[in-house]
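I have placed the structure first, in the form of structure tokens, so that the comments after it can refer back to it.
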Amino acid sequence: MNISQLVQSIDTLATAGQLNSIDENQRVQLYQACSKLRAAPASPLDRTLELLFSGHQAMAVRLGVDLKLFDSIARHSAGDSEKFITVSQISGDIKADAKLVRRIMRFLASMGILKQISRDEFQSTSFAGAYVSASPLSAAVVYFTHFHSIISRLPQYFEDKGWNNPEDIDDSPFQAAMGIKSRYFDYLKTKPYYQDAFNKFMASSYGREGKKWFECFPVAGLLCAECPSDVLLVDIGGCHGVELEAFHKKFPDAPGRLILQDLLHVIETGDLPAGVEAQGYNFFDEQPVKGARAYYLRNVLHDWPDELVLKILGRIREAMAAESLLLIEERVLPEANIPLLSALGDMSMMVLFAAAERTKGDTRAS
């Protein structure tokens, strides 16, 4: 097959609608294969331009979210992706300048989030529907685009610090970029828009379709309480209790109490799942629940540098009984050739908390 035939085959497959009926495993495999195919013919210039202007694309989506443009599109399309939507309809709905709305919608169409039919006519897509206000993805857009103003200051930070790896949570790239002394989560409490977006995204189950920890762990054999008044499981730093809720649904008859612990302002922003008790708690303080059957940490330790991780674990150790279990669920990076998403996560931890996504070697060393 020559290049022309290959291009024609790809175009045909992409527009034939055959991909709408594939299952999730097939979708993931196909997406990964397409990513490799797309990268293969890219020139250094292609790749550089894609990198340099990726922030513009993210910000175009952020403008749409802030304007509630996607909510308006959803109302006017009424679930019909073939229905024409005009710039005047949207600008009138969201009370924004029609010229600005046209430019934003045109940009979104160039990204495939909308379809442009004419100068002032557009159609919605499934991507546009993913960014309505009720979606956790819209919350992710708000929260993560805020990060751009911080990482843009990284070159100056490292120049000032002699290009040393950040190890002090009180002297992180975030604090240098913002010119403040408070830690990131304390700062976030002063920014309700970003705090709400963070809580909404973290409380959702979006992107967690894989196996839950209790589907891989021998719960029946190792995780049991002798009587209903005993504490079966403490989820430390568990935000709004998504994991405990899923555990309770899976094992509704398991005896023992389920306790959710997080900072009080975090717990108060969400609805408490059925069957779960909540406690406002700072995990650097003495652990109030003694002798629980298990203490669980999910994606907590990567937010903290090594010295403070040891303090968190030390507080749990002080509270554990001889039969208690410590369950830690964290992303473990390979020692080499980490995926791009993991690299992005590691940089985020470094910038915000002087922390890291750790490999097995890193964990043993700390």
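The table below gives the values:
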{"read-out": "Residue-wise HN-Hα coupling along the stretch 172-180, computed from phi with Karplus coefficients 6.51, -1.76, 1.60 (Hz; x: Gly, Pro)", "value": "8, x, 4, 5, 5, 5, 8, x, 10"}
{"read-out": "Shape call, the stretch 1-92: gyration tensor on alpha carbons, a/c limit 1.5", "value": "oblate"}
{"read-out": "From phi via Karplus (6.51, -1.76, 1.60), per-residue ³J(HN,Hα) for the stretch 213-227 in Hz, x at Gly/Pro", "value": "4, 6, 8, 10, 9, x, 4, 4, x, 10, 10, 8, 10, 6, 8"}
{"read-out": "Cα-based reach from Lys250 at 17 Å (exclusive), listing lysines while leaving out same-chain residues under 8 positions away", "value": "Lys211, Lys212"}
{"read-out": "Helix 340-353 axis, angle to the chain major axis (alpha carbon atoms, nearest 10°)", "value": "60"}
{"read-out": "Lys/Arg +1, Asp/Glu -1 at C-beta; the chain dipole; positive extreme among Ala246, Leu325, Ile73", "value": "Ile73"}
{"read-out": "Built amide H within the under 5 Å cut-off of Arg257, gap 5+", "value": "Asp230, Val231, Leu232, Leu233"}
{"read-out": "Within the stretch 1-110, chymotrypsin sites (Phe, Trp or Tyr not before Pro) in DSSP loop having at most 10 other beta-carbon neighbours inside 10 Å", "value": "Phe53"}
{"read-out": "Overall form of the stretch 116-236 per C-alpha gyration tensor (a/c, 1.5; a/b vs b/c)", "value": "oblate"}
{"read-out": "Shape call, the stretch 208-366: gyration tensor on alpha carbons, a/c limit 1.5", "value": "prolate"}
{"read-out": "Other-chain or far-sequence residues with amide H under 5 Å of Ala278's (modelled H)", "value": "Leu260"}
{"read-out": "Computed magnitude of the charge dipole of the chain (debye, nearest 20; Cβ of K, R +1, Cβ of D, E -1)", "value": "1060"}
{"read-out": "Reach of Lys191 by Cα under 18 Å, taken over lysines that are not fewer than 8 positions away in the same chain", "value": "Lys181, Lys200"}
{"read-out": "Rounded tilt (10° steps) of 54-66 against the dominant C-alpha axis of the chain", "value": "80"}
{"read-out": "Net charge dipole size for the stretch 116-215 [Lys, Arg +1 and Asp, Glu -1 on Cβ; Debye, nearest 20]", "value": "260"}
{"read-out": "Degrees between helix 24-39 axis and first principal axis of the chain (Cα, 0 to 90, nearest 10)", "value": "60"}
{"read-out": "For the chain, share of DSSP beta bridges that run antiparallel, in % to the nearest 5", "value": "15"}
{"read-out": "Karplus (6.51, -1.76, 1.60) ³J(HN,Hα), θ = phi - 60°, over the stretch 145-156, in Hz, Gly and Pro reported as x", "value": "5, 4, 5, 4, 5, 8, 5, 5, 9, 4, x, 5"}
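Quick note: the coordinates plus some simple rules give every number you see, no bench work behind them. Note that this is a predicted model, so its numbers are computed, not measured. Glycine gets a Cβ as well: all are built from the backbone with ideal geometry, and neighbour counts include every protein chain shown.
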